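I have placed the structure first, in the form of structure tokens, so that the comments after it can refer back to it.
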Amino acid sequence: MVRVQADGTGQAPWRIPPLVLASSSPRRRELLAQIGVTPADIDPADIDETPLTDELPAHHALRLAKAKAAVVAARSPGAVVLAADTVVGCGRRILPKAESADDVRQCLALLSGRRHRVFGGLCVVDATGKVRSRLVQTAVLFKKLSRAEIDAYVACGEGVGKAGGYAIQGRAALFARGLVGSHSNVVGLSLFETAALLRAAGIDPLALSPVAA
């Protein structure tokens, strides 16, 4: 459904196309809510996310975001589709989305005492089918982790299901000595670039109904 909102100037109301988020990530929904955006629908693309041979982390993140957007846009005519992908890269290596405690342990052992990069691929397809995309990069420096710290983090279970085996918005914040770039990108969605893409597609977060005090 297309939302209609008055602009308060006495002029004709403007129409806001519905937003479809091509992701089931609760973190991305929470980040969008932070800037006052609520998707009309959640429609995960469920594509094959296996890296290509010798694919670099930055290319992988942007390729997957574009592929997810294309799949969901094809079944959501007239909507604005937002897709994203987050990839943790250590040098040329793509770290996996941790599926087990062992994966979390291996990721943390690799990241311990090192600087790594988090790449956020963003893609928005507007209601006319125009595609816009961005690649966001954040540098994160982890402290040198002791075996006891890694064991404790693995035991808390927070890192399972997360790219690179950690959640910067959770207890892994204890490990990050420094961060250069977008913090929300590391969480799962760079809000600055996302808002710019949404505005270009006809959805301006600042023009939506204000949040009650």
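The values are calculated or read from the model by the stated rules, or taken from the named source; none is laboratory data. Bear in mind the structure is a predicted one, so any value in this text is a computation, not a measurement. FYI the Cβ positions are ideal-geometry reconstructions off the backbone, even for glycines, and counts take in every protein chain you see. Just the protein is used for accessible areas: all its heavy atoms, side chains included, with ligands, DNA and RNA removed. Shrake-Rupley method; radii C 1.70, N 1.55, O 1.52, S 1.80 Å.
General remarks:
- Between residue 27 and residue 42, the distance separating the two model label sites (each 7 Å from Cα on the Cα→Cβ line) works out to 1.5 nm.
- Calculated from backbone phi, Karplus (6.51, -1.76, 1.60) coupling profile of the range 126-131 in Hz, x at Gly/Pro: 7, 5, 8, x, 5, 9
- Full extension of the chain between residue 100 and residue 207 gives 34.3 nm of extra length, using 0.36 nm per residue less the Cα-Cα distance.
- For the chain, the longest principal axis of the C-alpha atoms and the axis of helix 101-111 are separated by about 80°.
- Straight-line cross-link partners of residue 97 among the lysines, defined as a Cα under 16 Å from its Cα and at least 8 positions apart when in the same chain: 162.
- Computing volume of the Cα convex hull per residue in Å³ directly from the structure and comparing it against [x] 114; [y] 141; [z] 127 singles out [z].
- Computed FRET value (nearest 0.05) for residue 147 with residue 53, which takes r as the C-beta separation and R₀ as 22 Å: 0.05
- Tilt relative to the chain, helix 191-200 - C-alpha long axis, 0 to 90 degrees, to 10: 30
- Accessible carbon and sulfur surface of the chain relative to its total accessible area, %, 1.4 Å: 53
- Taking all protein chains into account, the per residue accessible area for the range 74-126 stands at 42 Å² (1.4 Å probe).
- C-alpha center-to-center spacing [the range 15-79, the range 144-183] in angstrom: 24
- C-alpha long axis of helix 57-74 to longest principal axis of the chain, angle in °: 30
- Solvent exposure of the range 157-198, expressed per residue, is 40 Å² of accessible area, with all protein chains present and a 1.4 angstrom probe.
- Three-way shape call for the range 54-120 based on the alpha-carbon gyration tensor, with the a/c threshold at 1.5: prolate
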